[in-house]
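J.: Dumping the structure here so I can ask a few things about it.
The values are calculated or read from the model by the stated rules, or taken from the named source; none is laboratory data. The model shown is predicted, which means the values in this text are computed figures rather than measured ones. Quick reminder, even Gly has a Cβ in these numbers, built from the backbone with ideal geometry, and neighbours come from all protein chains shown.
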């Protein structure tokens, strides 16, 4: 089997966070989550199954490939090989348009693209729902990068019921996510470790209950394009997630001084009439949310902040899709 296929996937930003699992092997989340695909934070991955190979060859461009990263890719390819009934090794090349391992959901876009490209190369035809379930087993948040636009990932006690689906297309709302880069190097503690430590925080149960309430509030506000309600609850949800991380054992402090500077600045702008809110995934980089009409003004202010290295401006992005241009 020597077919070569390439897929492109967007990273996503969670408004209701995925933080904590009820099953580590299947990556079943403690709570449902809602996210938006990011059209300018993408991963492109080419996969070719090649019978002349005796082992998988994995190249992650721009950052190099660690043995741990290559092993994780091979483990996911094993799931796809088992489904296809093959043992053929593969050559994989992946490239990101944004910093990896810095709290911008690079594993989400990476495993979504890997899943789609490998399934196409292995000649497996899956529904979108089935693709989300398979991608989730490589990286939990990858399931949210498969469908387009605004996406909800359902918690469940079984793998078959924990899937992701679009709740609104990209054109539903001109919402912007301005990723504010203050750190490009890999974070010291990955999200996988952070998820495993949730139960050690004394605030884990309270945050879980709040996340379940936030799901309805954020979904309804998103569908109604009610930015004030949406932004307020989204910012609070991010703070609750980080409160759990900070109080886990060992404590995880993902923020840097620049992260706090962004939060304080966004709140000050809001008080002065510029509507924007902040959310933060497991990293130091901030995601500043605003509507399109205010995006240029917010971006200019962000670029002027001390410690900000770059701003990646995103609209709601498409779902994962196969393309004809290959990386090798």
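J.: Picking from 192, 259, which residue would you name as being under 18 Å from the mean Cα position of the chain (by Cα), surrounded by 14 or more Cβ atoms within 10 Å (Cβ to Cβ) and not in a strand (DSSP E or B)?
T.: 192
J.: Would you mention how many residues in the range 81-107 are outside any loop (DSSP other than H, G, I, E, B), touching a helix residue (DSSP H, G or I) at 6+ places or on another chain (Cβ under 7 Å) and modelled with pLDDT of 95 or more?
T.: Qualifying residue count, the range 81-107: 3.
J.: Where residues in the range 143-154 are closer than 13 Å to residue 14 by Cβ and in contact (Cβ under 8 Å) with a residue 40 or more places away in the chain, which of them is surrounded by the fewest Cβ atoms within 10 Å (Cβ to Cβ)?
T.: This residue is 152.
J.: Hey, does the range 15-24 have a residue that's under 16 Å from residue 110 (Cα atoms) and crowded, with 17+ Cβ neighbours inside 10 Å?
T.: No, every residue in the range 15-24 fails to be under 16 Å from residue 110 (Cα atoms) and crowded, with 17+ Cβ neighbours inside 10 Å.
J.: When the residues of the range 56-80 are narrowed to those that are crowded, with 21+ Cβ neighbours inside 10 Å and within 19 Å of the chain's Cα centre (by Cα), which ends up modelled with the lowest pLDDT?
T.: The selected residue is 60.
J.: OK, next. When you scan the range 1-55 for strands (runs of 3 or more DSSP E) that lie fully inside it, which ones turn up with 2 or more residues that are under 15 Å from the mean Cα position of the chain (by Cα) and outside the structural domain of residue 189 (by TED's automatic domain parsing)?
T.: Because the criterion is at least 2 residues that are under 15 Å from the mean Cα position of the chain (by Cα) and outside the structural domain of residue 189 (by TED's automatic domain parsing), the strands (runs of 3 or more DSSP E) in the range 1-55 that meet it are 4-16, 33-49.
J.: Among the residues of the range 30-40, are any surrounded by fewer than 21 Cβ atoms within 10 Å (Cβ to Cβ), farther than 27 Å from residue 309 by Cβ and out of contact with any helix residue (DSSP H, G or I) (no Cβ under 7 Å at 6 or more places or on another chain)?
T.: No, the conditions are met nowhere in the range 30-40.
J.: Next up: How many residues are more than 23 Å from residue 36 (Cα to Cα) and without any contact (Cβ under 8 Å) to a residue 24 or more places away in the chain if we restrict to the range 264-287?
T.: Total meeting the criteria: 5.
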